[in-house]
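The values are calculated or read from the model by the stated rules, or taken from the named source; none is laboratory data. As the structure is a prediction and not an experimental result, all values here were calculated from the model. Ideal geometry is used to build each Cβ from the backbone, glycine not excepted, and the neighbour counts take in all protein chains shown. Areas reflect the complete protein model, heavy atoms only, side chains present, ligands, DNA and RNA absent. Shrake-Rupley method; radii C 1.70, N 1.55, O 1.52, S 1.80 Å.
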Amino acid sequence: MDHFQLRDGVLHAEDVPLPRVAEEVGTPLYVYSRATLVRHARVFRDALSELKDPHIAFAVKSNPNLAVLRVLANEGYGADVVSGGELTRALKAGMKPEDIVFSGVGKTHAELQHGIEAGIGQFNIESEEEGYELAAIARRFGVKAACALRVNPDVDARTHEKISTGKRENKFGVPLDRAAEIYTGLASEDGLDMRGIAVHIGSQLADLEPLETAFGKVGALIAELREGGCSVTHADLGGGLGVPYKAGEELPAPAEYGKMVARVTKDWDVRLMFEPGRVIAGNAGVLLTKVIRVKRGIERPFVVVDAAMNDLARPAMYGAWHDFDAVEPTGEKTVAHIVGPICETGDTFAMDRECDVLGAGDLAVFRTAGAYGATMASSYNSRGFVAEVLVDGYKFAVVADRIAAGAIMDAEQVPDWLQD
Ligand SMILES: *Cc1c(COP(=O)(O)O)cnc(C)c1O
């Protein structure tokens, strides 16, 4: 359930009509709903109510906007970060350092040190090399870094190959059959407090079975580690729950996920940690766009909108589907191709899509754009960075300014030796 609904024929975000936001802020524009974010955060937390004191860390990469992070911090969420930039954001948004988990396969020396200096709660180590490097830094600072070892369970998550992370050929985590040896080695390092196992097999999972298989392997590993004399007090089960991108699409509900987790982990005797991203933010945002013009095509019209693949990359990157709806639908339907202005055929949001009839100047939204939307924006074709707005009841605020193409150009220089 989200708070982007028609009222008197006009699409609203909560109590705010979208045409008003478009008029004040311009398009294209991301619009987030605070009530939807809060609702999703609570649904996910409630789904885990059978567990003792789970730790929930929002995957910042899915939507790193400071205002969005603040909404989730206020809900008691921590953060799962994958770069120094995201760590800085999480702290700035008010997340407590001890609630922050640092994931990522390529944390640099400077980023590891940044995490130590900030006093974050846990590092999810993705290789033994990273573990020894972190141990050396922690020793230098006279601290012990709390760590989980991320394992690669070699499970097919049955999602898009570019967002599958738990197959053996993927770059993430250490192979399961070497995990005990690596964990034991790292556990003897002065600078590390090896306390757990982490796993994350991919995103937009439409099926709980691969997750259950992966968690089963983690459970077996925890037992093996304890038999070998290692201490294991935490297990981080990652994120990955999918969201419906099409009206009527059925996906496992957070409650079913929670039940499965409670069943599989009931004898683990650890504190469980979670890193949801998409399931919290996905349906809490839309990309609001204006039709530039409708171009006659051979078989279908091309609806050319002012949003493009640089603003919302998922269709171009993953062939992803986003529902596309008029802000003021007349009830008349047509079949059209929905495209952006960028000079690349990849800049196509949908082909042969049944959609509302639209004309030049009309507003429309791409739904389910709150996760992996604005965060993946680029300035390709010398377009600016899209603006972001957060709605709360009857009020709204710009939470990220539009960055004009000219401002991006200001960071470029032509060297003297080219200027004659
Ligand atoms: C991307 C990512 C997540 C979040 O995935 P969602 O599918 O958005 O829930 C969680 N953990 C790690 C390590 C990730 O890389």
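Condition check ((1) open to solvent by less than 10 Å² (accessible area, probe 1.4 Å); (2) part of a helix (DSSP H, G or I); (3) under 14 Å from Glu275 (Cα atoms); (4) outside the structural domain of Gly373 (by TED's automatic domain parsing)) across all residues:
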{"residue": "Arg70", "(1), (2), (3), (4)": "no, yes, no, yes"}
{"residue": "Ala73", "(1), (2), (3), (4)": "no, yes, yes, yes"}
{"residue": "Gly76", "(1), (2), (3), (4)": "no, no, yes, yes"}
{"residue": "Leu87", "(1), (2), (3), (4)": "yes, yes, no, yes"}
{"residue": "Leu91", "(1), (2), (3), (4)": "no, yes, no, yes"}
{"residue": "Glu111", "(1), (2), (3), (4)": "no, yes, no, yes"}
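Looking at Asp416, Asp392 in this structure, which one is among the charged types (D, E, K, R), surrounded by fewer than 20 Cβ atoms within 10 Å (Cβ to Cβ) and closer than 29 Å to Phe4 by Cα?
Just one listed residue meets the conditions, Asp392.
Which strands (runs of 3 or more DSSP E) does the stretch 10-64 wholly contain that include 1 or more residues that are within 27 Å of Ile120 (Cα to Cα) and touching a Leu at 6+ places or on another chain (Cβ under 9 Å)?
55-59
Confirm whether Gly166 is surrounded by 15 or more Cβ atoms within 10 Å (Cβ to Cβ), within 15 Å of the ligand (Cβ to nearest atom) and either of a type outside the set (Lys, Arg) or not assigned by TED's automatic domain parsing to the domain that holds Gly238 (or both).
Criteria met by Gly166.
Only one of these is at pLDDT below 95, open to solvent by 10 Å² or more (accessible area, probe 1.4 Å) and within 25 Å of Leu149 (Cβ to Cβ): Lys61, Lys107, Lys52. Name it.
Lys52
Exactly one of (1) of a type in the set (S, T, N, Q); (2) buried (at least 16 other Cβ atoms within 10 Å of the Cβ); (3) farther than 25 Å from Asp15 by Cα is unmet by Thr368. Its number?
(3)
I'm checking my understanding of the structure. Among residues of the stretch 245-260 that are in contact (Cβ under 8 Å) with a residue 24 or more places away in the chain and away from the ligand (no atom under 14 Å from the Cβ), which one is most open to solvent (accessible area, probe 1.4 Å)?
Lys259
Name the residue that is nearest to the ligand (Cβ to nearest atom), counting only residues in the stretch 198-229 that are farther than 16 Å from Thr265 by Cα, open to solvent by 20 Å² or more (accessible area, probe 1.4 Å) and under 23 Å from the mean Cα position of the chain (by Cα).
Going through the qualifying residues, I end up with Gln204.
Arg314 fails exactly one of the following numbered conditions: (1) within 16 Å of the ligand (Cβ to nearest atom); (2) surrounded by fewer than 22 Cβ atoms within 10 Å (Cβ to Cβ); (3) not assigned by TED's automatic domain parsing to the domain that holds Leu149. What is the number of that condition?
(2)
Count, please, the residues in the stretch 351-384 that happen to be in contact (Cβ under 8 Å) with a residue 60 or more places away in the chain and out of contact with any Pro (no Cβ under 7 Å at 6 or more places or on another chain).
23
Is there a residue in the stretch 179-193 that is within 14 Å of the ligand (Cβ to nearest atom), touching a residue at least 40 places away in the same chain (Cβ under 8 Å) and either surrounded by 18 or more Cβ atoms within 10 Å (Cβ to Cβ) or on the phi > 0 side of the Ramachandran plot (or both)?
Looking for residues that are within 14 Å of the ligand (Cβ to nearest atom), touching a residue at least 40 places away in the same chain (Cβ under 8 Å) and either surrounded by 18 or more Cβ atoms within 10 Å (Cβ to Cβ) or on the phi > 0 side of the Ramachandran plot (or both), one finds none in the stretch 179-193, hence no.
Does any residue of the stretch 286-302 turn out to be more than 16 Å from the ligand (Cβ to nearest atom), open to solvent by 10 Å² or more (accessible area, probe 1.4 Å) and touching a helix residue (DSSP H, G or I) at 6+ places or on another chain (Cβ under 8 Å)?
Scanning the stretch 286-302 turns up at least one residue that is more than 16 Å from the ligand (Cβ to nearest atom), open to solvent by 10 Å² or more (accessible area, probe 1.4 Å) and touching a helix residue (DSSP H, G or I) at 6+ places or on another chain (Cβ under 8 Å).
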